[in-house]
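The values are calculated or read from the model by the stated rules, or taken from the named source; none is laboratory data. What you see is a predicted model, and the numbers here were worked out from it, not measured in a lab. In this analysis, Cβ positions are derived from the backbone assuming ideal geometry, glycine residues included, and neighbour counts consider all displayed protein chains. Areas reflect the complete protein model, heavy atoms only, side chains present, ligands, DNA and RNA absent. Shrake-Rupley method; radii C 1.70, N 1.55, O 1.52, S 1.80 Å.
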Amino acid sequence: METLLPIFVAAVRSGTPILYATLGEILTEKAGVMNLGLEGIMLMGALSGFAASLWGGSPLIGLAAAFAVGACLGLIHAFLSVTLGSNQVVCGLAMTMFGGGASALAGRSYIGMTIPGLDSWSIPVISKLPVIGRIFFSQDIMVYASFALVFLMMFFLHRTRPGMNLRAAGDNPKAADAMGLPVAGIRYLYTVIGAGLVALGGAYMSVVYNKFWAEGMTAGRGWIAVAMVIFAIWNPLQAALGAYLFGGVETFQLRLQAAGARVPAPLLMMLPYLMTILVLLFISAGKGHKVSLSAPAALGIPFYREERE
Amino acid sequence: MKKSVLHVLFVFFVFFSFFAFSIAVNAAPIPVAEINPGYVYIGPVGDGGWTYMQDEGRRAVDAAFPGLKSTIVESVGEGPESVPVMERLIRQNKSKLIFAGSFGYMDYVEEVAKKYPDTIFMHVSGYKRADNVGTMFGRMYQPRYLSGLVAGKVTQSGNIGYVAAHPIPEVIRMINAFTLGVRKTNPGATVKVIWLFSWFDPGKEKEAAKALIDSGCDVLAMHADTGAVAQAAEEAKTYVIGYNNDMSQYAPTMHLTAPIWDWEKLFSPIVKQVADGTWKSEAIWWGMKEGAVDLAPFGPAVPEDVRKLVAAEKADIISGKQAVFTGPIKDQSGTVKIKQGETMSDDDIWSMGWFVEGVLGEVPK
Amino acid sequence: MRLRAEKRIDSPAWMTFMTTALSVLLALTAGGVFLYLQGVSPFAAYAAILKSAFGSGYDLSETAVKALPLAIVSLAVMLSFTMLVWNIGGEGQALVGALAAAAVVRYFPVGSKPAMLSMMALAAVFAGGFWAGIAGLLKAKWNVNEIITTLMLNYIAMRLLEYFVYGPWRDPSSLGFPMTKPFIAAARLPSLWGTRIHMGIYALFFLTAVMEILLWRTRFGYEIRVMGDNARAARYAGMDCMKKVVGVMFISGAIAGFAGMCEVSGLQGRLQSGFSAQYGYTAIIVAWLSHLRPSLSLIIAFLMGALLVGGEALQIGMGLPMASAQILQGLILFFVLGGEFFQNYRVRIDAG
């Protein structure tokens, strides 16, 4: 166990940025909007989180700024996809370009700087628990906040009125509209909040995980999060499992190398991706066609009141 | 009969190549304001590592030659997409000199150079040359070796970790030079290698560093682009040796030193040669003597005797007394590859595909 | 007073043209403001872009070289998008196509160009088809989501390429650098008209025509369009969606695989790490912007190629960083997207 423990600790740590992005995207997609621009939004989050921590003198200011910047980008996406009904796939890809470029341009002057960032903080009593204490409760507050967020979202989506409304907007906007729900408003709200969470995932990279800014530092994690949403079947708890699994397998192969394994490294590097497919296959084969049922039925399809006959 | 034809051909060939050579040597001087050097970069300038250092060098060159107008193109893939980039630098900006900043441009530099014989190309880290194509690189293995001396002295456990990007000769050569340094000051120590298969992924770099620290390494060295390894080492209070640039800001107390680039020392003489009309195609491989590579200032943790030792060895490298890859050198299986008293040729050093004794890890086959 | 959007019953051609022109104009204005803030003259910058993309025969040819793989891969993904199967693995399928072509050159080299090239194309087509077919089969059999599988297979393909060029296929005379031996002459697609445009362009025109007919003139095309519009209705009509998924994915991957072979045989002449230029993702944009019409995608791919060339032009001509070019590309896409709204909807202003 002593040798395996660090892998689990690392899995949670390196899964956390992916988890935030995945949770954000789940919220957005559940409301019926698909946002493929996660990579660009994460990069903007990483940059603004770093810059604001530097100027504001506190990592919390940085995280708040990242959320705000992400929310603004979400607003752009919402305007294009909800109000103008643009193609959401292209819009997301454009966002990836825009976010990557804008963060790079604005980030020029921050190259080579560091910030104190957010340090880890063990939760007093429960971090002493065997195994679980080390893995889950000796991390940093952003990790703890992500735990809370997972359960909060589970509760919110399935047990509260606004959560039901959110799902209605994503599953059957026509019916939701007939019930008098402001579908467009709901979609706006959760695209904005979702993008804010995605940006937090990026800020985790530059404020907590590493404490510097480098161009393109999310290195494809936004795309992994896009896959994780579906992997999790839009379920926040499963998103956590997926993110940790992904992070864990990647760490595992690095640690296999450290332990002197003789597998050619490129093949080892395939592991996280292969595992994702295999686990998804396992889930899908077990559940059959239920998987498609948990996808928001109106995902990616614009909705206009006037279309109601 | 046939023989005499061959002789004539041979004489003709010698004459012809001499003729061609003399043309190359007698290239006309080009006014500084008309050189318009173009720099083709593999990464964004904001990577904070390889490309960042190249651009620092370019800025210094621009400052040193008033009137010089340089142009950069960032994030140019190592594929056919690099061809129009170089061509446009020549066609639109009238670049007389192109620096291609990464190995993967090799075939494409060759292709474009054939089409534009009046433009001079300097290809970083390649080996294909032509009348108008030269190659350039720095003997980074020299400061790597020196940093190995430091690591060997500082380590307590004898376990040193090395986070490495890709298994290409350049990286392998560095690991070997470093290990030779380590074993010189600490014969029993070993260097454990983790391959990232990525030049740039701060998250992965950090995890690799932590994996090495958890496996008992008390000094880390690295060959990747960001300061993530240094930062991980500082957090775990493990000594670290940076790369590319001085990484002490990422690890203020634990940073020992770093082998660093000074691209200005490589770019600047080339620009001068082109301006003077003295440029000729050659394989430039400059080291500490020319200042192309160096060691960053020592961190607070490096003891005085180590500083003295490194200073002495550095002087020997500059004077040519210490060639780093001098026998006896054994490979991982213990077989003697370089005998006592022999020194590896530049070509052999250039293409090293095996690890020296003391490296734990393998070159993917 | 409030704004109201009303769906247009039909949009006349002049309307489509006007709105497109208007949105492009708006995009250029927004981009111009951005460029102005960067301290360069927007007019000079746009002139530089236009000149680099269309300024001379050379420029046109290079724009075409950029557009070629985009166009082929967009045809590939278009087919699957039509039936709402989200193949976002064009990147990986092109990669394995290139890999298979290189394998043929390595293990079965023949001197005859037509024979060599046909063998390579065949291998690339099957490899690409197989790669996408995996995702299709998993979807058909166990309803595994194809977005994940195709995305993950992209990464796996990249690692596979790395494995071969760093390992068994590494050219021993490359001094240890990760690349295969240069291809034999017979394995190179001939280039045309003294430019870098290669024979693949004929294949592109042929494929475009085939796809146009396949999608809009055959029963097969009709069925997958119906499935895309309404899967339930298709099932009522007795169409077997799941069986079609495998076929569509296979064809889709095969086309993308062919694009990969074209790149490696036409332009590179050997396989080396860092093979891809992210064409797979840009091709998705092309497919959507052309409204899944194969013939239209030719034009859109060319314009997209021009936009990519423009990125280089801004760096070379105006001294702007790459990032500025990316921002500009993003902005232009945003506006073009927004403009499509006005093609499909009429905005009414109601009093009260």
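Tabulated values for the structure
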read-out: Residues (at pLDDT below 90 and within 8 Å of chain C (Cβ to nearest Cβ)) located in region A:84-95; value: A:Leu84, A:Gly85, A:Ser86, A:Asn87, A:Val89, A:Val90, A:Cys91, A:Leu93, A:Ala94
read-out: Where A:Met217 falls short, out of the listed (1) in a helix (DSSP H, G or I); (2) surrounded by 24 or more Cβ atoms within 10 Å (Cβ to Cβ); (3) within 8 Å of another protein chain (Cβ to nearest Cβ); value: (1)
read-out: Region B:126-153 - residue that is farther than 21 Å from B:Phe325 by Cα and aliphatic (A, V, I, L, M) and, of those, modelled with the highest pLDDT; value: B:Val133
read-out: Residue in region C:164-176 that is nearest to C:Ser252 (Cα to Cα), counting only those that are at the interface with another protein chain (Cβ under 8 Å from one of its Cβ atoms) and crowded, with 20+ Cβ neighbours inside 10 Å; value: C:Tyr166
read-out: Elements of type helices (runs of 4 or more DSSP H) contained in region C:197-284, each with 3 or more residues being surrounded by fewer than 16 Cβ atoms within 10 Å (Cβ to Cβ) and modelled with pLDDT of 85 or more; value: C:200-217
read-out: Hits in region B:98-113 - residues which are at pLDDT 90 or above and closer than 21 Å to C:Gly319 by Cα; value: B:Ile98, B:Phe99, B:Ala100
read-out: From A:Tyr244, A:Tyr204, residue being open to solvent by 30 Å² or more (accessible area, probe 1.4 Å), under 22 Å from A:Glu25 (Cα atoms) and within 14 Å of chain B (Cβ to nearest Cβ); value: A:Tyr244
read-out: From the options B:Ser345, B:Ser319, B:Ser351, residue that is of a type in the set (Ser, Thr, Tyr) and open to solvent by less than 50 Å² (accessible area, probe 1.4 Å); value: B:Ser351
read-out: Long-range neighbours under 6 Å by Cβ, at least six apart or interchain, first residue among the aromatic types (Phe, Trp, Tyr) within region B:307-327, second part of a helix (DSSP H, G or I); value: B:Phe325/B:Ile349
read-out: Extreme residue, surrounded by the most Cβ atoms within 10 Å (Cβ to Cβ), among residues of region A:28-76 that are part of a loop (DSSP other than H, G, I, E, B) and touching a residue at least 60 places away in the same chain (Cβ under 8 Å); value: A:Val33
read-out: Condition check for A:Ala106: open to solvent by 40 Å² or more (accessible area, probe 1.4 Å), within 14 Å of chain C (Cβ to nearest Cβ), touching a residue at least 24 places away in the same chain (Cβ under 8 Å) and aliphatic (A, V, I, L, M); value: yes
read-out: Residues of region A:220-238 classified as open to solvent by less than 10 Å² (accessible area, probe 1.4 Å), in contact with an Asp or Glu (Cβ under 9 Å, 6 or more places away or on another chain) and either among the small types (Gly, Ala, Ser) or within 12 Å of chain B (Cβ to nearest Cβ) (or both), total; value: 2
read-out: Checklist (1) within 20 Å of the chain's Cα centre (by Cα); (2) within 25 Å of A:Trp234 (Cα to Cα); (3) in a helix (DSSP H, G or I) applied to C:Ala140, failing item; value: (1)
read-out: Residue among C:Met152, C:Met179 that alone is within 14 Å of chain B (Cβ to nearest Cβ) and open to solvent by less than 40 Å² (accessible area, probe 1.4 Å); value: C:Met179
